Amino acid sequence: MCKQSSCYKEGDPPAKLYFVNCNGDTLRCNGRPASQEVRMLRTKIHKIIDQKWTYNSSRTKVYKKIGVLLGLNQTTTHIGYLNKEQCIILLKNLEKGFLGITKKEYNRFNKRKIK
């Protein structure tokens, strides 16, 4: 688990954050540390969108579309870097059919309502 300072962004609350995985020996972080709530949101998003790049769209295309939606750099967008607000925006858009997600696909992985 990564504990290096480059994984943290200024303003991250130090308490109750979980560490993130790093890529092999490079120590390049796979995301930003987050609370249990944000980790749950990120996991939910991944379960919903993973089926898209498995069946009919590349991972790169999916992340580019998410980047456009959230106003992020499309080449570096990754679910592991999303904060709570971004996760909620993305989940609400997925529920409305973003990325071609059907209501049935969305409901299969989203058992809890997002406030």
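The values are calculated or read from the model by the stated rules, or taken from the named source; none is laboratory data. Because the structure is a prediction, the values reported are computed rather than measured. When we count neighbours, we look across all protein chains shown, and the Cβ atoms used for this are built from the backbone with ideal geometry, even at glycine.
Points worth noting:
- Qualifying residue in the stretch 86-96 (condition: modelled with pLDDT under 85, exposed (fewer than 15 other Cβ atoms within 10 Å of the Cβ) and either in a helix (DSSP H, G or I) or of a type in the set (S, T, N, Q) (or both)): no
- Leading residue by the ranking (surrounded by the most Cβ atoms within 10 Å (Cβ to Cβ)) among those in the stretch 73-85 that are closer than 12 Å to G31 by Cβ and in contact with a Lys or Arg (Cβ under 9 Å, 6 or more places away or on another chain): L82
- Applying the condition of being part of a loop (DSSP other than H, G, I, E, B) and over 17 Å from V38 (Cβ atoms) to the stretch 56-85 and asking which residue is modelled with the highest pLDDT yields G71.
- Criterion (at pLDDT below 85, in contact with a helix residue (DSSP H, G or I) (Cβ under 8 Å, 6 or more places away or on another chain) and either of a type in the set (D, E, K, R) or outside any helix (DSSP H, G or I) (or both)) met by exactly one of K52, K44, K104: K52
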